[in-house]
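Chemist: Before we start, here is the structure in question, set down as structure tokens.
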Amino acid sequence: KEASSIIGNVIQNNPNRSEKDIKKIIKEVLSAIRYNNGRGYYYVYDYKTKIMLVHPLKKYVGFNLKYLKDKKGNLIIKDDEKIFKENSSKGGFIHLFFAKPDQPNKEFEKINYIKYIEKFTNCISKFQVSHIFKIFVHYFF
């Protein structure tokens, strides 16, 4: 919800800026945010092109996620489209394996909350280590 609010505020407070400028501001702001003692972060990818726009692991910025698989052989973004179609206004949770910014060569079990932001057709996602995020999942349900 925080990323959606941030994006909404950036758009609302910059009515005369181009879409390119607004995307740049959003990328700068979201890439600087960390939470949960530095373990949580946002990533953003363009839903149409599947190109990563914001990620703390710089090797993924500009990367096409369409065919990226986790260590179990699952496509990283395979469940996104299903969630967006079924629950486009709210978002939803996905389960996957992926690296942590401080351990880029090892994959960890994670649960992401993803949300489709229609204004720029970008996906905003919170990445958390599963056992930490389950606390929040329990809280919300």
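The values are calculated or read from the model by the stated rules, or taken from the named source; none is laboratory data. What you see is a predicted model; the values in this text were computed from it and never measured. For neighbour counting, all protein chains shown are included, and Cβ atoms are generated from backbone atoms with ideal geometry for every residue, glycine included. Just so you know, the surface numbers come from the protein's heavy atoms only, side chains and all, with ligands and any DNA or RNA stripped out. Shrake-Rupley method; radii C 1.70, N 1.55, O 1.52, S 1.80 Å.
Chemist: Give the number of residues within segment 51-75 that are surrounded by fewer than 16 Cβ atoms within 10 Å (Cβ to Cβ) and in contact (Cβ under 8 Å) with a residue 60 or more places away in the chain.
Modeler: 0
Chemist: With the structure loaded, tell me whether K27 is in a loop (DSSP other than H, G, I, E, B), open to solvent by 20 Å² or more (accessible area, probe 1.4 Å) and in contact (Cβ under 8 Å) with a residue 12 or more places away in the chain or whether it fails that test.
Modeler: So K27 does not fit the description; no.
Chemist: Conditions: (1) under 14 Å from A3 (Cα atoms); (2) in a strand (DSSP E or B). P104 meets all but one. Number of the miss?
Modeler: Exception for P104: condition (1).
Chemist: Return the only residue of K119, K90 being assigned to a loop (DSSP other than H, G, I, E, B), of a type in the set (D, E, K, R), within 16 Å of the chain's Cα centre (by Cα) and modelled with pLDDT under 85. Outline the logic, then answer.
Modeler: Values: K119 fails: assigned to a loop (DSSP other than H, G, I, E, B).
Exactly one of K119, K90 is assigned to a loop (DSSP other than H, G, I, E, B), of a type in the set (D, E, K, R), within 16 Å of the chain's Cα centre (by Cα) and modelled with pLDDT under 85, namely K90.
Chemist: Can I ask one more? Does at least one position in segment 40-50 carry a residue that is at pLDDT below 85, under 14 Å from N112 (Cβ atoms) and open to solvent by 30 Å² or more (accessible area, probe 1.4 Å)?
Modeler: no
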